[in-house]
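These notes concern the structure reproduced below.
Each value in this text was obtained by applying a stated rule to the coordinates, not by laboratory testing. Note that the structure is a prediction, hence the values are computed from the model and not measured. With ideal geometry, Cβ positions are generated from the backbone for all residues, glycine too; neighbour counts draw on all protein chains shown.
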Amino acid sequence: MERSPFEKLSAELRNTIYAMVVYEPCEIRFDWREADDAWVTSEPGPLRGSGLTETCKQIREECLPMMFSMNCFTFRTSILGDSEELLDEQNVVGRLSLVTNKLKTALNSMGRGVADIRTIEIGLGCWNLIDGSMREIIMYGTITKLKQVLSVTEANVVAVFEVVWDAGWTGGEYKLLDLALPLSNRERAEHEVRRVLYSIRKELKSYIKRSGHDPTSNLDYFEACLYDLLDLLY
């Protein structure tokens, strides 16, 4: 960059330009695709700013930490299964081992930049509200394993579950609602649990009024499981 007019700009101004280029308005998302045995980015093309990091060594060293620190990195998996295939404990353990090893490889490939990441979201798959097949102890074991893998970074880690339910009150269609638990902040996690429970209870109340049938006990069980999970995690 020695002969470039860009070098004559102050460091503060260069950083302002870097921030405008490398910031992703949405998350930088990777989905685990079992068929390919790989993480696949959801972006149709290269990430914003990725070309800038290949310009020269100085620019790369200056802007790469900003790319990692300013963006949220999301890794979506189906460790716990999905709405069509909810896994039992044995299958969860097997899939967890595979995915966490691949996650470790993905983080290692980021090199020193992984230490600059500030936010990582881990999508874990579905927790079925109705049949309770994903018990809180499985959740706890899954998150504990992931926290060990993510110890290479000081990022704020958020575990995301897709709460799935039907019970007849949604017309036979499964509904999904994201539950995002920040693993370093119980207060925020409890707020998120209350938000999700409020949304479900609101719809349940409407269903009871229409049908006269009350499946509240299913929801009460699910709520107890959620708070048991919080007690285990924090």
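Computed quantities for the displayed model
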item: For residue 179, net neighbour charge (Lys/Arg +1, Asp/Glu -1) across residues whose Cβ lies under 10 Å away; result: -2
item: Where labels lie 7 Å past Cα in the beta-carbon direction, separation of residue 203 and residue 220 in nm; result: 2.2
item: Inter-site label distance for residue 191 and residue 144 at 7 Å from Cα along Cβ, in nm; result: 2.9
item: Theoretical FRET efficiency, 1/(1+(r/R0)^6), r = Cβ-Cβ of residue 54 and residue 97, R0 30 Å, to 0.05; result: 0.30
item: Within-13-Å neighbourhood charge of residue 188 [Cβ basis; K, R +1; D, E -1]; result: 0
item: Neighbour net charge for residue 104 - beta-carbon separation under 13 angstrom, K R +1, D E -1; result: +3
